[in-house]
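The values are calculated or read from the model by the stated rules, or taken from the named source; none is laboratory data. Every value quoted in this text rests on a predicted model; they were computed, and no experiment measured them. Heads up, the Cβs are rebuilt from the backbone with ideal geometry, glycines too, and the neighbour counts pull from every protein chain shown. Accessible surface areas use protein heavy atoms only, side chains included; no ligands, DNA or RNA. Shrake-Rupley method; radii C 1.70, N 1.55, O 1.52, S 1.80 Å.
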Amino acid sequence: MLRQYNDNTPQYFFYKEMHEKQHLNFVINKKKQYSNLNNIKMNIHKALSLMDSFVDPSDPDLDVPNSIHAYQTAERIRKKYPENKQLQLTGLIHDLGKVLFNFGEHNWTVVGDTFLLGCPFPKSIVYYETMKDNPDYNKYTDNGIYTEKCGLDKLNISFGHDEYLYQVLLQNKDKHNLDSKYWNIIRYHSFYPWHTGNDYHQFMNDSDKIILQDVLYFNQFDLYSKEDDTVINDSVKQYYNDLLNEYFPNKLQW
Ligand code: FE
Ligand code: FE
């Protein structure tokens, strides 16, 4: 993904607020809150349609609805891997955790690159200088509250659409047919300081190394829509509707 960020843009102020407000206790409480999902049942097709009216405030150069981004990501994958339906589906649904907006969450609890709480903040965090206003700034040294090779699953990563959709897929695992390999791609796709900045690698265990490869592999398809003129017409939408019917035949709890 081509990422260019400047000060005094809406993205700067978005990250400044996120970096002030997502501290360790906040993340622990959000994870606890969504360890039991809301009592809302809807099929994933409906969640996708909700993205028609959502524009992500953290993207530097995106002013199109997120549903277009969903279809375009999936189509880029389909062009290269016409047989890999699960990877195409992952492209289609990877950002559907943004339905958190409909549950009244602030945008800084939904979108944006994620970072780790409970240990020092690395300079690879976007707008790193705004981290100084985080209540946990300078609170931890070395590995903080974690131990080496503890595994990504043990980390308290800033809360957003990645972790939330992972929880939806996990807690509804009897109701869909998407393999867990793809849940992990979704769970860590915004964790840029890790997958692109190469920080936090001391916390990875052996299976996390495979997840890193999978995330980096997926990431090349998760581009901004302005970089792509892929046309989304009715037959494209029908193809994905059929895929969703095949892999997500039931309503999910959200
Ligand atoms: Fe995303
Ligand atoms: Fe995306």
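Quick notes
- Residues that are charged (D, E, K, R) and surrounded by fewer than 16 Cβ atoms within 10 Å (Cβ to Cβ) were ranked within the stretch 100-137; the one that is nearest to Phe203 (Cα to Cα) is Lys123.
- From the list Tyr182, Tyr247, Tyr140, the lone residue that is within 16 Å of ligand 2 (Cβ to nearest atom) and open to solvent by less than 60 Å² (accessible area, probe 1.4 Å) is Tyr182.
- Test: residue in the stretch 23-30 that is more than 16 Å from ligand 2 (Cβ to nearest atom), outside any helix (DSSP H, G or I) and either out of contact with any Asp or Glu (no Cβ under 8 Å at 6 or more places or on another chain) or in contact (Cβ under 8 Å) with a residue 40 or more places away in the chain (or both): yes
- Taken over the stretch 132-183, the criterion of being within 16 Å of ligand 1 (Cβ to nearest atom) and hydrophobic (A, V, I, L, M, F, W, C) is satisfied by Ile157, Phe159, Leu165, Val168, Leu169, Trp183.
- Condition check for Asp63: under 15 Å from Asp228 (Cβ atoms), surrounded by fewer than 23 Cβ atoms within 10 Å (Cβ to Cβ) and within 10 Å of ligand 2 (Cβ to nearest atom): no
- Residue pairs whose Cβ atoms lie under 8 Å apart, separated by 6 or more positions or on different chains, with the first residue in the stretch 159-187 and of a type in the set (Lys, Arg) and the second outside any helix (DSSP H, G or I) and open to solvent by less than 10 Å² (accessible area, probe 1.4 Å), are Lys175/Phe248; Lys175/Leu252.
- Residue match in the stretch 36-52 (condition: open to solvent by 50 Å² or more (accessible area, probe 1.4 Å), part of a helix (DSSP H, G or I) and within 16 Å of ligand 1 (Cβ to nearest atom)): no
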